[in-house]
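Engineer: The structure's right below; bear with me while I get my questions together.
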Amino acid sequence: MSNYQTEVKSADGLIKEHQSPWSAINPEYVARMKLQNRFKTGLDIAKYTAAIMRKDMKDYDLDSANYTQSLGCWHGFIGQQKMIAVKKHHGTTDKRYLYLSGWMIAALRSQFGPLPDQSMHEKTSVPSLIKELYDFLKQADARELRGLFKELDDARKAGDEVSTQRIQETIDNYQTHVVPIIADIDAGFGNEEATYLLAKKMIEAGACAIQIENQVSDEKQCGHQDGKVTVPHADFLAKIRAVRYAFLELGVDDGVIVARTDSLGAGLTKQIAVTNQPGDLGDQYNSFLDCDEVDISETSNGDVVINRNGRLMKPKRLASGLFQFRQGTGEDRCVLDCITSLQNGADLLWIETSTPHVGQIGGMVKRIRDVVPDAKLVYNNSPSFNWTLNFRQQAYDLMVEAGENVSDYSRDELMDVKYDDSPLAQKADHMIQSFQKDGSKDAGIFHHLITLPTYHTTALSTDQLAKGYYGDEGMLAYVKGVQRKEIREGLACVKHQDMAGSNIGDDHKEYFSGDAALKASGEDNTMNQFD
């Protein structure tokens, strides 16, 4: 952050150089506007946040307690409010990021209306949302700094030199709301050139970390649904290189690539990999195909056959034209994907699992770290998991394994409310509470995220408001359930005009027009009721 007085002196010198034509320009106002707009371009943001992520990755390598977290966003205001809340409740944004979810863009931001997570939405909406998120985060900076400038003016007016110095130091050491965003590029929205072009737009918008998955782009499915189809390693590595070239071309040398594998739950491939010699990556990919040994005389028109160690093998092909992998090979394919990605330019891994189980994740990470010792994961703490059921089942199984009496419980009914206050439920809740800490310590998870949190919080809060407002409570449902809580929790957005930038605009009007400025923040502004 630039020193406040240094910026004032710099502006003052520039104004004096231009003499009378600029005499009405106030150097302190110039300094304030510059500090309120620290990041001039998306590339400024990408470089700044990439350095943060690289430092955090080093911190994690030294101590797994230094894991990072984020929450998914589908609108700039949502991301802004998360970071405002983080600063308010925790005092710092250190190791807290934002996540941009392709699922949320498809469901909530597409011009086609709500869509499933199948890369059918406009790819331009991805960089647009990145820019929107950072516009709102920068506005949060401007608003908070504006408050500090007002405090500075009040301290000066009162002749309080101690407070004046303290506030100036706070301004000089101001921590921005701008944090890293891990941005979902899905499977690249096309071939490697399409991936490169979109990655450039995302980086130019501010993305320092891009997450890409090894599914077929035009067959892409949500990681928690069936029907996923993976690509051979050569195809995926080409897209990883495309993203790296995009980072390097734009000067974001510290850019972070998150390689996601869906192989654990994907049983299909669209193509047989090209292989040049036994044991190469293509051969390893093909070795997982579900095949029957055949004689050439047993083949029919259009059949595909491969040579596997001198044996003629016919991969099983579905009516869709897709080939299937052997059952039970998902974990081995997943480990191979991860090792290969890290050895070819990826920085972090994402393993999409069907349940949140530290033991399962940790087992795979151990195998990966046998080859790449500093392998680190980004993990989706997904709302697609039934966390309550999964961890009550895990707690039940642990109790059985320990020889504890479980006769009071039915494993098939563990979601029942009758168990909510039981020792088993308390054990499960404790496991959920410690999941991120345990996962980072025992399963190599550097970054924990929830992809769709505000999709669900918006649905829940809207349901409760509508239930009361359109029912017997009427306006009390809003006042008691929303506004009164905002006031008592000290939420800045209770003054929504200020949150939208009204007071910042008034400052600018005063800068530009002096005493002639027509400002909105006078005594008749109803927002004053919340002072």
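The values are calculated or read from the model by the stated rules, or taken from the named source; none is laboratory data. Bear in mind the structure is a predicted one, so any value in this text is a computation, not a measurement. With ideal geometry, Cβ positions are generated from the backbone for all residues, glycine too; neighbour counts draw on all protein chains shown.
Engineer: So which residues in the range 101-155 are under 27 Å from Arg166 (Cα atoms), of a type outside the set (A, V, I, L, M, F, W, C) and in contact (Cβ under 8 Å) with a residue 24 or more places away in the chain, if there are any at all?
Structural biologist: Step one: filter the range 101-155 for residues under 27 Å from Arg166 (Cα atoms), giving 137-155.
From the residues that got through so far, the ones that are of a type outside the set (A, V, I, L, M, F, W, C) too are 138-139, 141, 143-144, 146-147, 150-151, 153-154.
Answer for the range 101-155, where residues must be under 27 Å from Arg166 (Cα atoms), of a type outside the set (A, V, I, L, M, F, W, C) and in contact (Cβ under 8 Å) with a residue 24 or more places away in the chain: Lys138, Gln139, Asp141, Arg143, Glu144, Arg146.
Engineer: Every residue in the range 28-58 that is of a type in the set (A, V, I, L, M) and either in contact with a strand residue (DSSP E or B) (Cβ under 6 Å, 6 or more places away or on another chain) or without any contact (Cβ under 8 Å) to a residue 12 or more places away in the chain (or both), please.
Structural biologist: The answer is Met53, and nothing else.
Engineer: Which ones in the range 180-204 are touching a Lys or Arg at 6+ places or on another chain (Cβ under 6 Å), modelled with pLDDT of 95 or more and of a type in the set (A, V, I, L, M, F, W, C)?
Structural biologist: Leu198
Engineer: Can you find, within the range 329-352, the residue that is farthest from the chain's Cα centre (by Cα) among those that are under 13 Å from Asp374 (Cβ atoms) and not aliphatic (A, V, I, L, M)?
Structural biologist: Step one: of the range 329-352, the residues under 13 Å from Asp374 (Cβ atoms) are 338-339, 342-343, 346-349.
Next, from what is left, pick out any that are not aliphatic (A, V, I, L, M): 338, 343, 347.
Details: Cys338: 20, Gln343: 24, Asp347: 16 Å.
Result: Gln343.
Engineer: Of all residues in the range 83-114 being closer than 16 Å to Ile52 by Cβ and of a type in the set (S, T, N, Q), which is farthest from the chain's Cα centre (by Cα)?
Structural biologist: Thr92
Engineer: Now for a different question. Among the residues of the range 492-531, write down those that are closer than 15 Å to Asn26 by Cβ, free of Cβ contacts under 8 Å to residues at least 40 places away in the same chain, surrounded by 13 or more Cβ atoms within 10 Å (Cβ to Cβ) and of a type in the set (D, E, K, R).
Structural biologist: Scanning the range 492-531 gives Lys509, Glu510.
Engineer: Tally the residues that are exposed (fewer than 13 other Cβ atoms within 10 Å of the Cβ) and among the acidic types (Asp, Glu), restricting the search to the range 11-20. Full working, then the answer.
Structural biologist: Start the filter on the range 11-20 by keeping residues that are exposed (fewer than 13 other Cβ atoms within 10 Å of the Cβ), which leaves 13, 16-20.
Next, only the ones that are among the acidic types (Asp, Glu) stay: 17.
Within the range 11-20, residues that are exposed (fewer than 13 other Cβ atoms within 10 Å of the Cβ) and among the acidic types (Asp, Glu) number 1.
Engineer: Collect the residues in the range 73-99 that are under 18 Å from Leu452 (Cα atoms), outside any helix (DSSP H, G or I) and either at pLDDT below 95 or among the hydroxyl-bearing types (Ser, Thr, Tyr) (or both), keeping them in residue-number order.
Structural biologist: Across the range 73-99, the qualifying residues are Cys73, Trp74, His75, Tyr97, Tyr99.
Engineer: If I filter the range 170-179 for residues that are among the charged types (D, E, K, R), within 32 Å of the chain's Cα centre (by Cα) and surrounded by 18 or more Cβ atoms within 10 Å (Cβ to Cβ), do I get at least one hit?
Structural biologist: The answer is no, given that none of the residues of the range 170-179 is among the charged types (D, E, K, R), within 32 Å of the chain's Cα centre (by Cα) and surrounded by 18 or more Cβ atoms within 10 Å (Cβ to Cβ).
Engineer: Considering the range 274-307 alone, what residues qualify as being under 24 Å from Cys334 (Cα atoms), in contact with a strand residue (DSSP E or B) (Cβ under 8 Å, 6 or more places away or on another chain) and of a type in the set (Ser, Thr, Tyr)?
Structural biologist: Tyr285, Ser287
Engineer: Across the range 21-65, which residue is surrounded by the fewest Cβ atoms within 10 Å (Cβ to Cβ) among those that are aromatic (Phe, Trp, Tyr) and in a helix (DSSP H, G or I)?
Structural biologist: If we take residues in the range 21-65 being aromatic (Phe, Trp, Tyr) and in a helix (DSSP H, G or I), then Trp22 is surrounded by the fewest Cβ atoms within 10 Å (Cβ to Cβ).
Engineer: Being in contact (Cβ under 8 Å) with a residue 24 or more places away in the chain and of a type in the set (Gly, Ala, Ser) is the filter; apply it to the range 328-358 and report the residue that is surrounded by the most Cβ atoms within 10 Å (Cβ to Cβ).
Structural biologist: Start the filter on the range 328-358 by keeping residues that are in contact (Cβ under 8 Å) with a residue 24 or more places away in the chain, which leaves 329-358.
Imposing the further condition that a residue be of a type in the set (Gly, Ala, Ser) reduces the set to 330, 341, 345-346, 354.
Numbers: Gly330: 20, Ser341: 28, Gly345: 14, Ala346: 25, Ser354: 15.
The qualifying residue surrounded by the most Cβ atoms within 10 Å (Cβ to Cβ) is Ser341.
Engineer: Could you grab me the full set of residues in the range 248-258 that are in a helix (DSSP H, G or I) and out of contact with any helix residue (DSSP H, G or I) (no Cβ under 8 Å at 6 or more places or on another chain)?
Structural biologist: Of everything in the range 248-258, just one residue is in a helix (DSSP H, G or I) and out of contact with any helix residue (DSSP H, G or I) (no Cβ under 8 Å at 6 or more places or on another chain), namely Leu248.
Engineer: Then there is this: Going through Gly206, Gly188 one at a time, which residue ends up being surrounded by 24 or more Cβ atoms within 10 Å (Cβ to Cβ), closer than 28 Å to Thr68 by Cβ and touching a residue at least 60 places away in the same chain (Cβ under 8 Å)?
Structural biologist: When all the criteria are applied, what remains is Gly206.
Engineer: Can you find a residue in the range 255-269 that is surrounded by fewer than 20 Cβ atoms within 10 Å (Cβ to Cβ), of a type in the set (Gly, Ala, Ser) and at pLDDT below 95?
Structural biologist: Yes, the range 255-269 contains at least one residue that is surrounded by fewer than 20 Cβ atoms within 10 Å (Cβ to Cβ), of a type in the set (Gly, Ala, Ser) and at pLDDT below 95.
Engineer: Right, Ala31: within 15 Å of Tyr134 (Cα to Cα), modelled with pLDDT of 95 or more and among the aliphatic types (A, V, I, L, M) or not?
Structural biologist: Numbers: within 15 Å of Tyr134 (Cα to Cα): no; modelled with pLDDT of 95 or more: yes; among the aliphatic types (A, V, I, L, M): yes.
So Ala31 fails the test.
Engineer: Something else now. Filter the range 209-235 for residues that are out of contact with any strand residue (DSSP E or B) (no Cβ under 6 Å at 6 or more places or on another chain) and closer than 18 Å to Thr451 by Cα; which is modelled with the lowest pLDDT?
Structural biologist: My answer is Gly223.
Engineer: Starting from the range 445-474, keep only residues that are under 20 Å from Ile182 (Cβ atoms), then list their pairs with residues that are aliphatic (A, V, I, L, M) and in a strand (DSSP E or B) whose Cβ atoms are within a distance under 6 Å, requiring at least 6 positions of separation or different chains.
Structural biologist: Within 6 Å, the pairs are Ile445/Leu377; His447/Val378; Ile450/Leu71; Pro453/Leu71.
Engineer: Could I ask something else about it? Out of the helices (runs of 4 or more DSSP H) lying entirely within the range 451-531, which hold 1 or more residues that are acidic (Asp, Glu)?
Structural biologist: 453-469, 484-489, 496-499, 502-513
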